[in-house]
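Worksheet: one structure, shown below.
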Amino acid sequence: MPCERKPMRYGHSEGHTDVCFDEKGKCILTCGSDGDVRIWESLDDDDPKSINVGEKTYSLTLKNGKLVTAVSNNTVQIHTFPDGDPDGILTRFTATANHVTFNHSGTRVAAGSSDFLVKVVEVADSSQQKTLRGHDAPVLSVNFDPKEEFLASSSCDGSVVVWNIDEQVQVTSWNVLQKSSDVTNAKSLCRLAWQPQFGKLLAVPVETSVHLYERNTWSLVSSLSDDFITQAINVVVWSPCGRFLAAGTIGGYLTIWDVGTKLCVERQKHEKGYTVCGMAWHPSGGQIAYTDTEGCLSLLDGLATTSHSTATPQQHASSAKVKESKETKDYDDLFDEDDGRFLDEEASESPVKKSALGEDEDDDDDDLMPATGRPRHRSSFLDDDDNSQDTGSVALDRLGAADDASSAVEPLGPSAVAAVTRPMYEGPLPTPPQRPFQPGSTPTHLMHRFMVWNSVGIVRGYNDEQDNAIDVEFHDTAVHHAMHLTNALAHTMADLSQEAVLLACVSTDELASKLQCLHFSSWDTNKEWMLDLPKGEDAQALCLGQGWGAVGTSALLVRLFSVGGVQREVFSLPGPVVCMAGHGEQLLIAFHRGTGFDGDQALGVQLLQLGGRKRQVIQGEPLPLSRKSYLAWLGFTAEGTPCCIDSEGVVRLLNRSLGNTWTPVCNTREHCKGKSDHYWVVGIHENPQQLRCIPCKGSRFPPTLPRPAVGILPFNLPLCQVATEKGQMEEQYWRSVLFQNHYGFLSSSGYEIDEEGQSQAHKEQQELLMKMFALSCKLEREFRCVELAEMMTHSVLTLAIRYASRSRRMGLAQRLGELALEKANQEQPPQHQEEEEEPNYTSRHAGQSRSRTPQQSRREEQEEEEEDEEETQEEQMDTEEVAESRKPRVNPFKKGSASPERASPKTVSTASKEARVNPFKMSGPAKQSASPAGRAASVLDTMTTANRKPAASATTGSKQSKSPVLKPLVPRPKSKTQATLLQMSSRTASKKQEKPQQEVEERGKEKEPATERLKQAQEATSPASAGDNQENRR
């Protein structure tokens, strides 16, 4: 019996749960450790009715409009159904009631408690109770005989007891269970089950098998087991016809046996492997509802419990039609968007998928074999052979088995063992394709839903009995005021931008698929336009950009429009569209590249630039997703960087600096407290680094009312060893580099950028590099230091050289100096060499240090000119001493006169400058080559203002550069010839420096007699000058 396992959905908080159907099978009822009883109209019901019955609820049962629950306050309560009004307390215990059940007629309720008692209570009159005593440990479960003569119970004392209800005595008991002290410590819940109608068999789960005991004789007549059940069975339930028995295990296996053939006809596994603690068979026999210990609910759908031998030809024809329609419908409606899950890797929509019965992908292919060891053929194979039949069906056809329960335990003949064996397909199974969706929207089947939530605003859709409308709300009311639109065309898709609202609906039998745009930013009065798509073409995805809109259709086309309604380009897609997103002039499209396997989606992505220069940036490359996941969100950051999020919560950002690759920057699942919790993303920002999302408790999407609160999650690159100091700094650096890429894209696209923010981010990166450099120095990782230095700027590299020299790592400092010179050569402008070839100044001191600036050289030229003027003036003073001595207004100390005290200090100061060693001064290469022993003095002495030249070039002149650069230590000469040339160049330079010094000293000696004669003349004329001054004063 091929069936489909529905995806698990959140029902209650983590803990023990129970489940049952109502009598007509219209509702599913569940209870959990949160104390609530929820009434689900279907598995897709996103707003189930909730009834709070206590702090914790351990079991529930329903019959004749009466809902009975076992609550943690040691009581068994009764409520009305479906209103949920309290109807009193049925009975009380001195300990927790663990299990409750109705009899077949609904007149009695049996309850087992942890105080070792079993009570049978009349529903009409709760004062009429019967207490069954005999267990020596807490009671695990109770179950009524369909004929209401016997009651079976299991206990933690290891026994299973059958009671006579009227006589209140034990009929028989079996010690087949493992003993435990409490229900929480029990290895299994041991939920018992009587065969429906006549109660001929009692099913008892014992370890990994199910024992079948015959009524009246109480003997073991059969045992059902499966090779794949390795953990204890928790609960068993019978099909309504009494022919099939289903069991749920602690390991998450769901197994169905045909009791007549003792064959396993269906085997499924919980998608997460959680313990199955509650099971219920639908009254029609086509479904099984089950719950787990994590509070989740699911269904096994499509069970065929009708025997082939007893089915009429009309039933065969109708079942074939139903099967055919179901297969086509399942493929089209594979993703019903319930609970936001567009994909269930175990869903069966094709014969290939059904052939494996949705087996868990971790299991081996051997699980297609029944417990008896014979190959079991399931439904159909790849070739869809009409002769393919289930082994159980073949056996039933040959034996002519009847539906009556009396034939359930008849022995099988040799003909039943013979089964047709066919080759099995052992390859990977195809994955159902993901249905199209709109990023930032909730499922379309909800009456109140978000049609889109983005950085501009929110579009809500309402489709109930009172109203069918659309509300548009803007985050910034300055953009536009809120709008209320009538949804007469039943729009299901929407997008919102700073300029317009774009809506779309699918086609119907009468109307074509329509595209409606409300251009609220238009300056004219006609702000709305509408467009019909061609017949047979439906809109599946849409988006808005700056001045344009796009829609992806079922015809594998993308149609572009202007916001004013002008049709633009139309192009084809390589596969069916999944979703679209727009930002500015960028269009991002996700589509199916092919068929995925083993739960993986095969998606491709296209990124187009729709500005003045139209081009395709990403050309249909694969979109990376996590294993066994689907695409949950696609869009752009606020700065315009493409981004995607999969169902596993992994956020990936496009890295433009690394060849348009996708880098994971966050995992929202790491921030979830519960396994059923998720984050619903509404926006991403790169500056500041923020992931704006809404936390969803037990669901993948939030409700519309009340308005959910938006939270902010940080980004974190998945680097190794992020707990260490080194890993943290590496993660911070590369995350900063990744999130700084948008500055280059925006500037190249002509947008204004935040230069202050860019410089701040660059500064933080360099600081992190310097910290990592210091840490590597401490760890004596010098090669790693050089690697980090290669990423530094010239100024930060200077600090690294100082740090290395002060840390006494001279070898590292020398390598860093060479690296600094290479960086300086790369940063120098191309006209720098031309300036060197034509120096703009000459100097008498050609051998002086080349580290002097042009200002210093001009100052020296001025000093030389002043010295020449002083010499000429002194000669004139020697020939005209008397005449000059008589002139009263001559001041020998005025500027330009020959002052004897000016020349010698100049000479002394110049010599002192050349003789003094400054460890922070940039020295020339001539001195380094002349004195190689000075290398160990300080690495900072290797810094120079000139480019790297041979050592002999120091004698060619005083060529200088405009900006100071770093020069490493000059390596030692490799040959004797080079060493000789270096020494000769240094000697000629020193001789040229000594000549001007000697000339200055000789001039000073010549000036001495002139100064003495000047003093004598002044002393002779001093009385006359004093008299003249007195006369002038009078």
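Overview of values
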{"item": "Amide H contacts of GLU294 (H built 1.01 Å from N, under 5 Å, at least 5 apart or other chain)", "result": "GLY15"}
{"item": "Packing-based order for 567-574, 794-801, using average beta carbon neighbours within 10 Å, highest first", "result": "794-801, 567-574"}
{"item": "Cβ-placed point charges (K, R +1; D, E -1), dipole of segment 634-679 about Cα centre in debye, nearest 20", "result": "60 debye"}
{"item": "Rounded percent of accessible protein surface that carbon and sulfur make up, segment 662-721, 1.4 Å probe", "result": "54 percent"}
{"item": "Segment 218-259 versus segment 173-189: alpha-carbon centroid distance in Å", "result": "18 Å"}
{"item": "Subset of LYS66/LYS673; LYS56/LYS262; LYS514/LYS614; LYS26/LYS130; LYS66/LYS179; LYS49/LYS269 violating a 31 Å alpha-carbon distance limit", "result": "LYS66/LYS673; LYS56/LYS262; LYS26/LYS130; LYS66/LYS179"}
{"item": "Percentage relative contact order, segment 571-654, counting C-alpha pairs under 8 Å, at least six apart", "result": "21 percent"}
{"item": "DSSP-assigned coil residues among GluC sites (Glu not before Pro) in segment 126-231, each with at most 12 further Cβ atoms within 10 Å", "result": "GLU167"}
{"item": "Length gained when the stretch ASP83-SER807 is fully extended (0.36 nm per residue, less Cα-Cα span)", "result": "252.6 nm"}
{"item": "Under-5 Å amide H pairs with VAL37, H placed in peptide plane, nonlocal only", "result": "ILE51, ASN52, VAL53"}
{"item": "Karplus-derived 3J(HN,Hα), 6.51/-1.76/1.60, for each residue of segment 749-766, Hz, glycine and proline x", "result": "8, x, 8, 7, 10, 7, 5, 5, x, 5, 5, 5, 5, 5, 5, 5, 4, 5"}
{"item": "Carbon + sulfur, % of accessible area of segment 737-795 - ligands and nucleic acids excluded, 1.4 Å", "result": "48 percent"}
{"item": "Electrostatic dipole magnitude of segment 148-237 [Cβ: Lys, Arg +1; Asp, Glu -1; Cα centre; debye, to 20]", "result": "140 debye"}
{"item": "Integer Hz, Karplus 6.51/-1.76/1.60 couplings in order for segment 572-585, x for Gly and Pro", "result": "8, 9, x, x, x, 6, 10, 6, 9, 8, x, 7, x, 9"}
{"item": "Net length gained if the chain between ALA761 and LYS24 were fully extended (0.36 nm per residue, minus Cα distance)", "result": "258.8 nm"}
{"item": "Surface per residue (accessible, 1.4 Å probe) for segment 667-809, Å²", "result": "56 Å²"}
{"item": "For THR661, distant residues with modelled amide H under 5 Å away", "result": "ASN655"}
{"item": "Sulfur and carbon atoms: percent of accessible area, segment 171-301 [1.4 Å]", "result": "47 percent"}
{"item": "Karplus-derived HN-Hα couplings along segment 190-203 (A = 6.51, B = -1.76, C = 1.60, θ = phi - 60°), whole Hz, x at Gly and Pro", "result": "6, 6, 7, 8, 8, 5, x, 6, 10, x, 6, 10, 10, 8"}
{"item": "Peptides 554-565, 721-732, 90-101 ordered by average Cβ neighbours within 10 Å, highest first", "result": "90-101, 554-565, 721-732"}
{"item": "Cα gyration tensor, segment 112-211 - rounded (a/c under 1.5), prolate or oblate", "result": "oblate"}
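The values are calculated or read from the model by the stated rules, or taken from the named source; none is laboratory data. It should be emphasised that the depicted structure is a prediction, and the values quoted were computed from it without experimental measurement. Every residue, glycine as well, gets a Cβ built from its backbone with ideal geometry; the counts of neighbours run over all protein chains shown. With ligands, DNA and RNA removed, areas are computed over all heavy atoms of the protein, side chains included. Shrake-Rupley method; radii C 1.70, N 1.55, O 1.52, S 1.80 Å.
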